[in-house]
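Data first, discussion second: the structure below is written as structure tokens.
The values are calculated or read from the model by the stated rules, or taken from the named source; none is laboratory data. Computed from a predicted model, the values in this text were never measured in an experiment. Glycine gets a Cβ as well: all are built from the backbone with ideal geometry, and neighbour counts include every protein chain shown. Keep in mind that these areas ignore ligands, DNA and RNA; they rest on the heavy atoms of the full protein, side chains included. Shrake-Rupley method; radii C 1.70, N 1.55, O 1.52, S 1.80 Å.
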Amino acid sequence: MRYEGAIYRPPSEAQSLILQATIGCSHNNCTFCNSFRDKKFRIRSTSELEEDLTIARRYYKYVRRVYLADGNAFCIPSEWLLEILRIIKKLFPECERVSTHACVQDVLAKTSEELIALREMGMGIIYMGGESGNQEILDMVKKGITRAELIAAARKLRAAGMLSSVTFISGLGGRRLWREHAIDTGTVISEMEPDYASLLTLILEPGMPLFDDLHGGRFELLSPQEVLQETKLLIENINLEKDCVFRSNHASNYLALKGTLPRDKDSILNQLSSAKWLKPEEFRML
Ligand code: SF4
């Protein structure tokens, strides 16, 4: 396999074969994200990807899952994606699921028929960064999406039979908007009804525009206790009828939480109220 630059994948894809179908992120504008700032976005050719997969086949006897990197490989036009999925099926007939990240617009740009065809060819789960359910925060961090689009994308995936996994960021509203962030993120999860919802916790690093806002006094980070308070309000505002696996077990989180909503809502709230040990700042990472 040939990789260009740093590679990111969801924690749940730790055992997957990672195929770098695109380089970078086609949006690459969020003020809290440095992941692909140094990469110029492009889609890799199908022939290059086939070469990579052929090399991988020689080394890996059994590949259960494939994850298409980088930032939002779901932006690849459907016909092209179908071709990549066909190659994966041909070379790795044992592969049970292909996954990738999508920007909300990548999902909305595909027709329902295209989504169904992609699912039938093996695309099983789509990861999306929702970040917040609050429109003011989405605009502030230049996410380039609306709350309504986020809900529509999750519903469109579900209608096509694809799983959705959405990530939100604790502390993204800062001290000024923490309450709005918590309530609107809880309610947006309720409306999206994703199969998986997870929380990261904001970490700012040099190079991120939001880092400059922090040091320019235009943004204030939450303290660890304030993050827990925000998470509690967020969970209180999630009301689901359908099962959703909830996780906050990323390296950036102060407290690891895991459960299935709505069943484990009270237990998660109790863990938040009684938490005695929070991850020290120096052990948190992106
Ligand atoms: S958060 Fe996602 S969409 Fe935004 S710049 Fe980073 S990779 Fe791209």
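If you go through region 128-147 and keep only what is touching a residue at least 12 places away in the same chain (Cβ under 8 Å), open to solvent by 10 Å² or more (accessible area, probe 1.4 Å) and not in a loop (DSSP other than H, G, I, E, B), you end up with GLY129, GLU131, GLN135, GLU136, MET140, ARG147.
The single residue among GLU114, GLU136 that is more than 22 Å from CYS25 (Cβ to Cβ) and more than 16 Å from the ligand (Cβ to nearest atom) turns out to be GLU136.
Does GLY207 fit the bill of being at positive phi and in contact (Cβ under 8 Å) with a residue 12 or more places away in the chain? Here the answer is yes, as GLY207 does meet what is asked. GLU13 meets all of the listed conditions (1) open to solvent by 20 Å² or more (accessible area, probe 1.4 Å); (2) more than 14 Å from the ligand (Cβ to nearest atom); (3) closer than 23 Å to LEU157 by Cβ; (4) not hydroxyl-bearing (Ser, Thr, Tyr) but one, namely (1).
Among the residues making up region 89-111, a single one is over 19 Å from THR167 (Cβ atoms) and within 16 Å of the ligand (Cβ to nearest atom): ALA109. For LEU68, the conditions (1) part of a helix (DSSP H, G or I); (2) touching a Leu at 6+ places or on another chain (Cβ under 6 Å) all hold with the exception of (1). If you go through region 256-277 and keep only what is assigned to a loop (DSSP other than H, G, I, E, B), more than 18 Å from TYR196 (Cα to Cα) and either at pLDDT 95 or above or open to solvent by 70 Å² or more (accessible area, probe 1.4 Å) (or both), you end up with LYS276, TRP277.
Within region 22-53, take every residue that is open to solvent by less than 30 Å² (accessible area, probe 1.4 Å) and among the charged types (D, E, K, R) and give me the one that is farthest from LEU210 (Cα to Cα). Once the filter is applied, the top-ranked residue is ASP52. If the condition is being more than 14 Å from the ligand (Cβ to nearest atom), β-branched (Val, Ile, Thr) and closer than 19 Å to THR100 by Cα, then region 17-60 contributes ILE18, ILE43, THR46.
Give LEU118, LEU150 a once-over and let me know the one that is at pLDDT 95 or above, in a helix (DSSP H, G or I) and closer than 24 Å to LEU49 by Cα. Spell out how you get there, then give the answer.
Working: LEU150 fails: closer than 24 Å to LEU49 by Cα.
Residue meeting the stated conditions: LEU118.
If you check LEU138 against the conditions, is it farther than 29 Å from LEU204 by Cβ and modelled with pLDDT of 95 or more? Against the criterion (farther than 29 Å from LEU204 by Cβ and modelled with pLDDT of 95 or more), LEU138 does not qualify. For region 54-84, the candidate set comprises residues that are among the polar types (S, T, N, Q) and surrounded by 13 or more Cβ atoms within 10 Å (Cβ to Cβ); within that set, the residue that is nearest to PHE36 (Cα to Cα) is ASN72. Beta carbons closer than 7 Å, at least 6 apart along the sequence or on distinct chains, pair a first residue in region 1-25 that is farther than 13 Å from LEU68 by Cα with a second that is open to solvent by 60 Å² or more (accessible area, probe 1.4 Å) and modelled with pLDDT under 95 for GLY5/ASP38. The sole residue among THR31, THR54 that is assigned to a loop (DSSP other than H, G, I, E, B) and among the β-branched types (Val, Ile, Thr) is THR31.
Annotation note: of GLY186, GLY124, GLY161, the sole residue that is at pLDDT 95 or above, part of a loop (DSSP other than H, G, I, E, B) and either more than 13 Å from the ligand (Cβ to nearest atom) or touching a Lys or Arg at 6+ places or on another chain (Cβ under 8 Å) (or both) is GLY161. Does at least one position in region 75-88 carry a residue that is within 16 Å of the ligand (Cβ to nearest atom), within 26 Å of ARG155 (Cβ to Cβ) and not in a strand (DSSP E or B)? Within region 75-88, one or more residues are within 16 Å of the ligand (Cβ to nearest atom), within 26 Å of ARG155 (Cβ to Cβ) and not in a strand (DSSP E or B). Residue pairs whose Cβ atoms lie under 9 Å apart, separated by 6 or more positions or on different chains, with the first residue in region 27-41 and at positive phi and the second surrounded by 16 or more Cβ atoms within 10 Å (Cβ to Cβ) and in a loop (DSSP other than H, G, I, E, B), are ASN28/SER35; ASN28/PHE36; ASN28/LYS39; ASN28/PHE41; ASN28/GLY71.
A count restricted to region 156-178 and to residues that are farther than 18 Å from CYS75 by Cα, basic (Lys, Arg) and touching a helix residue (DSSP H, G or I) at 6+ places or on another chain (Cβ under 8 Å) stands at 1.
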